[in-house]
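Following: one structure in structure tokens, then a few remarks.
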Amino acid sequence: MDRQQEFVLRTIEERDVRFVRMWFTDVVGSLKSVALAPAEVEGAFEEGLGFDGSAIEGLARVFESDMLAQPDPSTFQILPWRGEKDQTSRMFCDILTPDGKPSAADPRNVLKRTLAKAADMGFTCYTHPEIEFYLLKSQDLGPDGIPVPVDQAGYFDHVPGGVAQDFRRTAVTMLENVGISVEFSHHEGGPGQNEIDLRYADALQTADNIMTFRTVIKEVALQQGTYATFMPKPFSDHPGSGMHTHFSLFEGDTNAFYEAGAEFQLSLTARQFIAGVLRHAPEFTAVTNQFVNSYKRLWGGGEAPSYLSWGHNNRSALVRVPLYKPGKGQSARIEYRGIDSAANPYLAYAVLLGAGLKGIEEGYELPAAAEDDIESLTAAERRAMGHDPLPSSLHDAVRQMEDSELMAHILGEQVFEHFLRNKRAEWQEYRLQVTRYELQRYLGIL
């Protein structure tokens, strides 16, 4: 037994932890949980916990349904919202096949495989997400059939005694209590919309943190009598909720994206990484923007980027290179702005990183940076400059993903096929719906 496992067992005993929740996700990023009695944890470390994988979206085919969940002791945390009495903790799990090998269908393993490839190339990947969400008065819709936000405040607004302000203070405190460092928190542009930025960490830890973050945000909202949603676009007239993520690659202690004196201080490695992300973005958009509603955000304005482009401090670009600060070469990074808050972080980071690594491997050439507001250009101007559009619907995104050898390779056959099957079914279900818009527009005139 290693030291981390011993630490977990000792902490469970000393803190009188009554329940140990084992967490993992299905292919779309829904959190799954099973509670273990403390006496069973040591056995789970050694042998894993058996469960029926065929009952979990995308984890196993029926004929190979037996799976094992093996807890990762480095992710052990007490859950503060469960209270001091009968304390509850959690650990993220790796999903194994009955012979103890990593399951090809485990989203966490997909990211670990991509990080292992990066390590083989000499890189460690760090990520820093900016997570947006809406705080609503309840899950119920208002009399006009749309959600009711907790306030009418806007970007960076300070609302004395405001619900969102109290919410953010409690949420940030709880996040830090479970070991998640927060960099910024503020009111975003939409009514009831908030943003909380997590401090940078390696990509696997960030993905685990995002899953915990969503749970914390929803728990705090419920405690305060409100409702939090990570739906990409809950309002037609207000901005959607993105999860802009900053990426950097390090070679040992050196930032591989930084080169003093180069244009925008970007190294050749960084330029090739961006080129890989841009070239393959249409193929992975179904993963970073995985719901029908995601495309209402991408194509609904409000700073959501919808064309293949990059730029230095250009907030209309899909990939932004943040402003360089002299003497801060170690913080050189790129920001991918297309991803939304509802993505499965394990798969989303795997495809983004995998696309960037492909650009480095193949020596992709980066096109010229966009200096204009891309949305304000005409379609002909965008075409001439090579700013092709991202997929405009889930259907288009699935079509582009299913033809991608790279996505099949990064995700692995099982995740690739099941993800596509899930998304085709969602599109088919959506396609058959008669919407409120259609009834209001056509019923009285046709």
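So here's what we get for this one:
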quantity: Region 350-408: number of residues that are modelled with pLDDT under 85, exposed (fewer than 13 other Cβ atoms within 10 Å of the Cβ), of a type in the set (A, V, I, L, M, F, W, C) and in a loop (DSSP other than H, G, I, E, B); calculated: 0
quantity: Failed criterion for S331 (all others in (1) surrounded by fewer than 24 Cβ atoms within 10 Å (Cβ to Cβ); (2) modelled with pLDDT of 85 or more hold); calculated: (2)
quantity: Every residue from region 105-147 that is among the hydrophobic types (A, V, I, L, M, F, W, C) and surrounded by 16 or more Cβ atoms within 10 Å (Cβ to Cβ); calculated: A105, V110, L111, L115, A118, F123, C125, I131, F133, L135, L136
quantity: Subset of region 12-47 [β-branched (V, I, T) and either exposed (fewer than 15 other Cβ atoms within 10 Å of the Cβ) or assigned by TED's automatic domain parsing to the domain that holds L411 (or both)]; calculated: V34
quantity: Search result, residues across region 1-27 that are within 30 Å of F230 (Cα to Cα), of a type in the set (A, V, I, L, M, F, W, C) and in contact with a helix residue (DSSP H, G or I) (Cβ under 6 Å, 6 or more places away or on another chain); calculated: V20, V27
quantity: Search result, residues across region 1-43 that are assigned to a helix (DSSP H, G or I) and without any contact (Cβ under 8 Å) to a residue 60 or more places away in the chain; calculated: R3, E6, L9, R10, E13, E14, P38, A39, E40, V41, E42, G43
quantity: D166 being without any contact (Cβ under 8 Å) to a residue 60 or more places away in the chain and either within 25 Å of the chain's Cα centre (by Cα) or not in a loop (DSSP other than H, G, I, E, B) (or both); calculated: yes
quantity: Conditions (1) within 28 Å of D72 (Cβ to Cβ); (2) small (G, A, S); (3) in contact with an Asp or Glu (Cβ under 8 Å, 6 or more places away or on another chain); number of the one not met by A207; calculated: (3)
quantity: Yes/no for R113 being charged (D, E, K, R), part of a helix (DSSP H, G or I) and either at pLDDT 85 or above or farther than 23 Å from E6 by Cα (or both); calculated: yes
quantity: Residue match in region 119-137 (condition: in a loop (DSSP other than H, G, I, E, B), at pLDDT 90 or above and closer than 30 Å to H238 by Cβ); calculated: yes
quantity: Members of region 255-308 that are of a type in the set (G, A, S) and more than 25 Å from S236 (Cβ to Cβ); calculated: A256, A260, G261, A262, S267, A270, A275, G276, A281
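Okay, residues lined up against (1) surrounded by fewer than 17 Cβ atoms within 10 Å (Cβ to Cβ); (2) more than 25 Å from G29 (Cα to Cα); (3) β-branched (V, I, T):
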site	(1), (2), (3)
R168	no, no, no
S181	yes, no, no
P191	no, yes, no
N194	no, no, no
L198	no, no, no
D202	yes, no, no
D208	no, no, no
I217	no, no, yes
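The values are calculated or read from the model by the stated rules, or taken from the named source; none is laboratory data. Remember, it's a predicted structure, so these values are computed and weren't measured experimentally. Every residue, glycine among them, receives a Cβ derived from its backbone with ideal geometry; neighbour counts consider all protein chains shown.
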